Amino acid sequence: MTQIYKSAWLATADSNNLWKIYYNAAMIVKDGSVVWIGEDKNIPTHDNCEIIDVGQSGILPGFIDCHTHLVFAGDRTDEFVKRQSGVSYSQIQKQGGGIFSTVASTREATEQDLLALSLQRIQSWIKQGVTSLEIKSGYGLDLETEKKILSVANKLSDLTGLTIHKTFLGAHVCPKEFKSSKEYLDYIIKTVLPDLIDSKLVDSVDAFCESIAFSAEELKPFLQQCKDMGLRCRLHADQLSDSGACELAANMNALSVDHIEYSNSKSISALKKSNSVAVLLPGAYYYLNEDKKPPIDLLRKHSIPIAIATDCNPGSSPIYSLCTIMNMSCVLFNLSVEEALLGITVNAAKALNLEKKGKLAPGFDADFAVWDIDNPASLVANINNWQCQQLYLRGKPYEF
Ligand SMILES: [Zn+2]
């Protein structure tokens, strides 16, 4: 069956990945894919179609959150209180809190507990028009718990119909039961990854390259081994210091290089030669009250695709709203409204290697949302409890 959607406006990236708004728009969808979009008056001849007119509302591609740690247990409100009394994020982690605190709670939780918590959490994304997202492991640091987290990610996809990219972040920090980072990274390569790959639970590999986690020297052979196992990587890079992570990721042709507040111009030049997406995470920058901004002008100068994401996690970015992140990326990092919208659509799709998602164009999946607003810029300009009117996953309406 073919459907024709008519709307007051439809906005998406065009064939050059520039933001474009069509007014009095129409979109033809067949078998879950977009066949045609344009102005209603130019619609090609067609027969036997269902016409769905959404009136004065507009249509946007399904949003994509390309960096989340959404599956976790526990609460770190106490750390917020500590930070407000002057203890830094790094100090808290060195005292056994931070990531280690969430690891302890997540190891303790059953798979059913984790699924219930995550299923409740993910409703915030769905209501804001998100149709694809990335979920990282990394709060287990042992085979059993890492597998539990990624299995929950799989179940979330089955239960909601959303497309979920599963990232293995075993190299988040070195757990205390290992004597050295090298010993732990060897355990991941020999024991954890083969099992997870066999269980089809890994789409890409991530690592935290930072003074409080792993060094670029430690990660270089590790990421090469992951590549040899057929996995593309992404990196938490240069968030708190310039650790050489961005350059390492670029040289590995990572899917994405995330954070990059401290990346230097040489690293950004290396990024230009790669096919990697720069993922900016203004939520963590805001929450940790950082003052070093990512090198946005250099990214623009080298035409490096910029995505933005929530980095949803219980410690440094407890934020469940991609619309709020768009606003933060504009106010804190000076992105334009169009850059923010491209950052959660077409560029976020590239960061997750989702070739048929992120825009509404012939051949792309009909993942989209209907919004009761006059202009997509409203979602960026106003921090609000946004909720889309309708959501479609490959042409099928989502039942809220
Ligand atoms: Zn993160």
inquiry  = Restricting to the range 268-295, name every residue that is crowded, with 20+ Cβ neighbours inside 10 Å and touching a His at 6+ places or on another chain (Cβ under 9 Å).
reply    = Ile268, Leu271, Val279, Leu280, Leu281, Ala284, Tyr285, Pro294
task = Write out, first by first residue and then by second, each pair whose Cβ atoms fall under 9 Å of each other, whose residues are 6+ apart or on separate chains, and whose first residue, in the range 370-384, is surrounded by 14 or more Cβ atoms within 10 Å (Cβ to Cβ) while the second is aromatic (Phe, Trp, Tyr) and not in a loop (DSSP other than H, G, I, E, B).
result = Val370/Tyr5; Val370/Tyr392; Asn375/Trp9; Pro376/Trp9; Pro376/Trp19; Ser378/Trp371; Leu379/Trp371
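In the range 232-244, how many are more than 19 Å from Leu354 (Cα to Cα) and either of a type in the set (Asp, Glu) or away from the ligand (no atom under 13 Å from the Cβ) (or both)? Before you say what the answer is, go through the steps one by one.
Start the filter on the range 232-244 by keeping residues that are more than 19 Å from Leu354 (Cα to Cα), which leaves 236-244.
Keeping just the survivors that are either of a type in the set (Asp, Glu) or away from the ligand (no atom under 13 Å from the Cβ) (or both) gives 238, 241-244.
The total comes to 5.
Give me a count of the residues in the range 79-99 that are closer than 12 Å to Pro314 by Cβ and in contact (Cβ under 8 Å) with a residue 40 or more places away in the chain.
So the count comes out to 3.
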remark   = Condition set hydroxyl-bearing (Ser, Thr, Tyr) and not in a strand (DSSP E or B), scope the range 19-72, selection farthest from Met1 (Cα to Cα): answer is Ser57
message = Please count how many residues of the range 165-203 are β-branched (Val, Ile, Thr) and within 16 Å of the ligand (Cβ to nearest atom).
response = 2
message = Against the condition away from the ligand (no atom under 12 Å from the Cβ), at positive phi and either in contact (Cβ under 8 Å) with a residue 40 or more places away in the chain or more than 17 Å from the chain's Cα centre (by Cα) (or both), how does Asn264 come out, does it pass?
response = no
remark   = So, first residue closer than 24 Å to Glu355 by Cα and of a type in the set (Val, Ile, Thr) in the range 24-49, second residue modelled with pLDDT under 95 and not in a strand (DSSP E or B), Cβ within less than 7 Å, six or more apart or across chains; the pairs are Ile28/His46
Considering residues of the range 275-290 that are assigned to a loop (DSSP other than H, G, I, E, B) and either within 13 Å of the chain's Cα centre (by Cα) or at pLDDT 95 or above (or both) only, the residue nearest to the ligand (Cβ to nearest atom) = Leu281
inquiry  = List the residue pairs whose Cβ atoms are under 6 Å apart, where the first residue sits in the range 67-78 and is more than 18 Å from Thr145 (Cβ to Cβ), the second is within 16 Å of the ligand (Cβ to nearest atom) and not charged (D, E, K, R), and the two are 6 or more positions apart or on different chains.
reply    = His67/Val279; His67/Ala309
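Here's the yes/no breakdown for (1) crowded, with 18+ Cβ neighbours inside 10 Å; (2) closer than 28 Å to Ala340 by Cβ; (3) within 26 Å of the chain's Cα centre (by Cα); (4) at pLDDT 95 or above:
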{"position": "Lys20", "(1), (2), (3), (4)": "no, yes, yes, yes"}
{"position": "Asn24", "(1), (2), (3), (4)": "no, yes, no, yes"}
{"position": "Met27", "(1), (2), (3), (4)": "yes, yes, no, yes"}
{"position": "Gly32", "(1), (2), (3), (4)": "no, yes, yes, yes"}
{"position": "Lys41", "(1), (2), (3), (4)": "no, no, no, yes"}
{"position": "Cys49", "(1), (2), (3), (4)": "no, no, no, no"}
{"position": "Ser57", "(1), (2), (3), (4)": "yes, yes, no, yes"}
{"position": "Gly62", "(1), (2), (3), (4)": "yes, yes, yes, yes"}
{"position": "Leu70", "(1), (2), (3), (4)": "yes, yes, yes, yes"}
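Quick one: would you say Leu115 is within 22 Å of Phe400 (Cα to Cα), in contact with a helix residue (DSSP H, G or I) (Cβ under 8 Å, 6 or more places away or on another chain) and within 16 Å of the ligand (Cβ to nearest atom)?
Numbers: within 22 Å of Phe400 (Cα to Cα): yes; in contact with a helix residue (DSSP H, G or I) (Cβ under 8 Å, 6 or more places away or on another chain): yes; within 16 Å of the ligand (Cβ to nearest atom): no.
Answer is no for this residue.
Tell me the residue from Gly343, Gly315 that is within 15 Å of His67 (Cα to Cα) and at pLDDT below 95, please.
On the way: Gly343 fails: at pLDDT below 95.
Going through Gly343, Gly315 in turn, just one is within 15 Å of His67 (Cα to Cα) and at pLDDT below 95: Gly315.
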task = Assess whether Ala237 counts as being surrounded by fewer than 24 Cβ atoms within 10 Å (Cβ to Cβ), within 19 Å of Leu288 (Cβ to Cβ) and in contact with a Cys (Cβ under 9 Å, 6 or more places away or on another chain).
result = no
Of all residues making up the range 347-369, the number that are closer than 17 Å to Trp19 by Cβ and of a type in the set (Gly, Ala, Ser) = 5
ask   = Quick check, is Asp206 in contact (Cβ under 8 Å) with a residue 12 or more places away in the chain, within 21 Å of the chain's Cα centre (by Cα) and more than 15 Å from Ser137 (Cβ to Cβ)?
value = no
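Just for the range 296-316: of the residues that are in contact with an Asp or Glu (Cβ under 7 Å, 6 or more places away or on another chain) and farther than 22 Å from Cys233 by Cα, which one is surrounded by the most Cβ atoms within 10 Å (Cβ to Cβ)?
Pass one, the range 296-316, residues in contact with an Asp or Glu (Cβ under 7 Å, 6 or more places away or on another chain): 306, 309-310, 314-315.
So of that shortlist, the ones also farther than 22 Å from Cys233 by Cα come out as 314-315.
Numbers: Pro314: 21, Gly315: 23.
Residue satisfying both the conditions and the ranking: Gly315.
The values are calculated or read from the model by the stated rules, or taken from the named source; none is laboratory data. Only a predicted model underlies this, so the values are computations on that prediction, with no experimental measurement involved. Reconstructed Cβ throughout: ideal geometry from the backbone, glycine too, with neighbour counts over all protein chains shown.
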